[in-house]
Amino acid sequence: MKRKWLGRGAILVALVLLIVGVTAGAAFAANDPKPVFKAPSVAPGDVAVSLNLLWIILGAVLVIFMQAGFALVETGFTRSKNAAHTFSMNFMIFGLALAGFFLVGYAFMFGGYSFQNLFGLDKPIGDSLVGSGNWVFLWKGGFALTHLGGLGKNAALGAPTAAFFLYMYAFMDTTATIPTGSLAERWKWKSFMLWAVFCGAIYFPLFGAWTWGGGWLAKLGDSLHLGFGYVDFAGSGVVHAMGGVAGLAGILVLGARRGKYGPDGKPRTIAAHNIPMAMLGTFILLFGWFGFNAASTLAATDVRFAMVATNTAVAAGFGAVGGMLWAYRRMGKPDPGMMANGMLAGLVAITAPCAFVQPWAAAVIGFIAGILVVTAILFQEKRGIDDPVGATSVHGVCGIWGVLSVGLFASGDYGAGWNLTTSGPAAKASGVTGLFYSWDLGIRQLGAQVIGALVIIFVMGGIAYTFFKICDALLKGGIRTAPEVEDMGLDRPEMGVLGYSDFTTSELVLAGEEPDEDKVLAHTTPADPTIGR
C-alpha cells in the first residue's frame, strides 16, 4: 500500500511540475513576444564554410565510431580470457591519446598551417618550431587549444580549429589503437597507457607535421621536384602504416604469446573466441571508413567525395574477395578471418589514393591488398612474429602498398596544386599523376611516395621501437605480463574483472576465481592456455 501511494505521489508531482512549466512558458511568451533565440545572419559566402564545417564534424563522428569496430575486431580475434583487457584498451585509447593530442600533439602537427578557402581556417595559429621554408619539421601554437577564440585576432579561428582538431584526433585515435591488437594478450596496462599518451603527443603528430602539416615530406615537390611531394589523401601511411610499424616494433620487444610456438619452432593455432564478433566489427569499420576517406576532402562543396566514397566501397569489396580466394588457395578453406582482414586490407590500401584513382584502379588496389594481407600474415607467423589479429599485415603492409599505389595509379584528373606545390613539372600538371599515366610525372611522384614509405618504416618504426625498449627497461618487470598472468588471462589480474561470467570450472580456477558449484557445467576445457578459449 505504501509503495502504491509513493507511486501516485510521484505521478502527482510530475503533473504539478508540468503544469507550472507550461504556465510559466505561456507567461514568458506573453510578456516578451520576441523569440528566445535568434539565429545569426549568415552571408551567402559563409554558407559554404558552414556546410564544410558540418561535413568535417560528421566525418569525425563516423571515424570515432570506428573505435567500436576496432574493439569488436580485436576482441573477437583474441581469447575470451583476455576479452575485458583487449576491449578496455580500445575503450581507453580514446581518453588517453586525446590527452596527449589535446595538450601538445595538435599544436606540433598543425600549429603553423592553415587551409585557405575551405572551412574557415584561413590563418595559422602559430609558426614553425623546428625548420623553415620547405624543411619544416614541427609547428607550435594552440597548445591545449588555447588562443583560438573569444577575443583578439584569433577570434574567428575558434570554430574551424575546433572542428579540425576533432577530425584529426579521430585519425590519431586509429593510429594509437592499432598496436592494441598486435600486442594483445600479453601487454601490461601501464605500458599501454604510456603508449597511448606518447602516440597522441609525439608519435602521430611528428609524421603528421611532415606530411599533412605542410612539412618537409609534403614539400618534396618544391624542394626536389618529386611530383607533388608525398601525397596521402586520407592516411594509408600517416595513419595506418604508422600504426602497423608501431605494432611490429612492439612485437619485437614483447615477443610471441606463450604456447604460440612449439618446441620445434613451428607456429600453433590459437583460435579466436568469437569470429562473428570480429566480422561485425569489420562491417562497423567499413561504415566509419566513409567518414575517414570521403570527409577528407574537408569540404562538402568538393564533389570529388562521391568518387572517393565509391572507390572506398569498391576496394573494400575486392579486398574481401582477394583475401577469401587467396586463403582458399593457401589454406584449403575460405577462412572468415581472412575475409575480414581482406576487406580491411582493401580499405587501408585505398585510403591514400582514393581521391586520385579511377574505380577500376580501386578494384585492382583492393584485390592485390587482399592477397598481400594473407601472404603477409602467413609469412610473419612462420618467422616468429605473433600478431593475434594480423594488424601489422593489414595496416602496415597494406598501408605501405596504398602509399605506393598513389605513384602508380593516380590518373592526373584531381589534385592540381596539391601540397601547395609551386615549382617543378607538377606545378603545371592538372592533378596527381602516377606511373601508369605519365612516365615523367609518375616516376617523380613514385619517388616521393617511396621516400615517405621508407621514412615510415625506418624512422618512425625506429622511434616506436626505441619507445618500447625504453619502457621495457624503466617499468618494473618490463612491459610484458608475467607468465602466470598470461596463462590465466589478463582480465582478472590486470583489469579486476572477467570479460565473461560463464566460464567453466577449469577456466575459473585458472583465472583465480572460486567457481559457483551450482553453475558448474558437465564438461571442462583443457587447462592449456593455448587451446580453446
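The values are calculated or read from the model by the stated rules, or taken from the named source; none is laboratory data. None of the values given here were measured: they were computed from a predicted structure. Cβ: placed from backbone, ideal geometry, glycine included. Neighbour counts: every protein chain shown.
Checked against (1) of a type outside the set (S, T, N, Q); (2) assigned to a loop (DSSP other than H, G, I, E, B); (3) surrounded by 21 or more Cβ atoms within 10 Å (Cβ to Cβ); (4) in contact (Cβ under 8 Å) with a residue 40 or more places away in the chain, PHE108 passes all but condition (2). Say whether the condition of being more than 26 Å from PHE204 (Cβ to Cβ), in the same structural domain as GLU381 (by TED's automatic domain parsing) and either surrounded by 20 or more Cβ atoms within 10 Å (Cβ to Cβ) or in contact (Cβ under 8 Å) with a residue 60 or more places away in the chain (or both) is met by at least one residue in segment 241-252. No, there is no match, as no residue in segment 241-252 is more than 26 Å from PHE204 (Cβ to Cβ), in the same structural domain as GLU381 (by TED's automatic domain parsing) and either surrounded by 20 or more Cβ atoms within 10 Å (Cβ to Cβ) or in contact (Cβ under 8 Å) with a residue 60 or more places away in the chain (or both).
Only one of ARG304, ARG268 is in contact (Cβ under 8 Å) with a residue 60 or more places away in the chain and either closer than 20 Å to THR392 by Cβ or outside the structural domain of LEU121 (by TED's automatic domain parsing) (or both). Can you tell me which? Write out each step before concluding.
Working: ARG304 fails: either closer than 20 Å to THR392 by Cβ or outside the structural domain of LEU121 (by TED's automatic domain parsing) (or both).
When all the criteria are applied, what remains is ARG268.
Against the list (1) surrounded by 14 or more Cβ atoms within 10 Å (Cβ to Cβ); (2) out of contact with any helix residue (DSSP H, G or I) (no Cβ under 8 Å at 6 or more places or on another chain), the condition VAL432 fails is (2). Output the residues belonging to segment 449-484 that are of a type in the set (S, T, N, Q) and outside any helix (DSSP H, G or I). The answer is THR481, and nothing else. Every listed requirement among (1) of a type outside the set (Phe, Trp, Tyr); (2) more than 27 Å from GLN116 (Cα to Cα); (3) touching a helix residue (DSSP H, G or I) at 6+ places or on another chain (Cβ under 6 Å) is met by ILE350 save one, (2).
Picking from residues in segment 251-278 that are out of contact with any Pro (no Cβ under 6 Å at 6 or more places or on another chain) and in a helix (DSSP H, G or I), the one that is farthest from GLY337 (Cα to Cα) is VAL253. Taking segment 441-473 as the range and being of a type in the set (S, T, N, Q) and farther than 21 Å from ASP232 by Cα as the test, only THR466 passes.
Against the test of being crowded, with 24+ Cβ neighbours inside 10 Å and either in the same structural domain as VAL308 (by TED's automatic domain parsing) or closer than 17 Å to MET324 by Cα (or both), the options ALA340, ALA363 yield a single qualifying residue, ALA340. The sole residue among ALA316, ALA320, ALA278 that is surrounded by 19 or more Cβ atoms within 10 Å (Cβ to Cβ) and touching a residue at least 60 places away in the same chain (Cβ under 8 Å) is ALA278. Scanning segment 134-143 for residues that are in a helix (DSSP H, G or I) and touching a residue at least 60 places away in the same chain (Cβ under 8 Å) yields a total of 2. Inside segment 101-146, residues that are of a type in the set (Val, Ile, Thr) and under 23 Å from the mean Cα position of the chain (by Cα) make up a count of 1.
Scan segment 116-131 for residues that are assigned to a loop (DSSP other than H, G, I, E, B) and surrounded by 17 or more Cβ atoms within 10 Å (Cβ to Cβ) and report the count.
Step one: list which residues in segment 116-131 are assigned to a loop (DSSP other than H, G, I, E, B), which gives 116-126, 131.
If we keep only those that are surrounded by 17 or more Cβ atoms within 10 Å (Cβ to Cβ) too, we end up with 118-121, 124-126.
Residues that pass the stated criteria total 7.
Filtering segment 412-430 to residues that are in a strand (DSSP E or B) and under 27 Å from the mean Cα position of the chain (by Cα) leaves TYR414, GLY415.
Taken over segment 469-493, the criterion of being hydrophobic (A, V, I, L, M, F, W, C) and in contact with a Ser or Thr (Cβ under 8 Å, 6 or more places away or on another chain) is satisfied by CYS471, LEU475, ILE479, LEU490.
Among the candidates ILE400, ILE443, ILE456, which residue alone is surrounded by fewer than 20 Cβ atoms within 10 Å (Cβ to Cβ) and assigned by TED's automatic domain parsing to the domain that holds ALA209? Reasoning before the result, please.
Working: ILE400 fails: surrounded by fewer than 20 Cβ atoms within 10 Å (Cβ to Cβ); ILE456 fails: surrounded by fewer than 20 Cβ atoms within 10 Å (Cβ to Cβ).
So the residue among ILE400, ILE443, ILE456 that is surrounded by fewer than 20 Cβ atoms within 10 Å (Cβ to Cβ) and assigned by TED's automatic domain parsing to the domain that holds ALA209 is ILE443.
When you look at LEU446, is it over 23 Å from LEU344 (Cα atoms) and outside any helix (DSSP H, G or I), yes or no? Criteria not met by LEU446. All told, ALA196 meets the bar of being within 20 Å of VAL104 (Cβ to Cβ), touching a Ser or Thr at 6+ places or on another chain (Cβ under 9 Å), among the small types (Gly, Ala, Ser) and crowded, with 24+ Cβ neighbours inside 10 Å. From the list ALA464, ALA427, ALA416, the lone residue that is of a type in the set (A, V, I, L, M, F, W, C) and buried (at least 20 other Cβ atoms within 10 Å of the Cβ) is ALA464.
Quick check on segment 377-397. Is at least one of its residues more than 19 Å from GLY181 (Cβ to Cβ), surrounded by fewer than 24 Cβ atoms within 10 Å (Cβ to Cβ) and under 22 Å from the mean Cα position of the chain (by Cα)? Checking segment 377-397: not a single residue is more than 19 Å from GLY181 (Cβ to Cβ), surrounded by fewer than 24 Cβ atoms within 10 Å (Cβ to Cβ) and under 22 Å from the mean Cα position of the chain (by Cα).
Taken across segment 96-105, residues that are closer than 30 Å to GLY337 by Cα and assigned to a helix (DSSP H, G or I) do occur, with at least one present.
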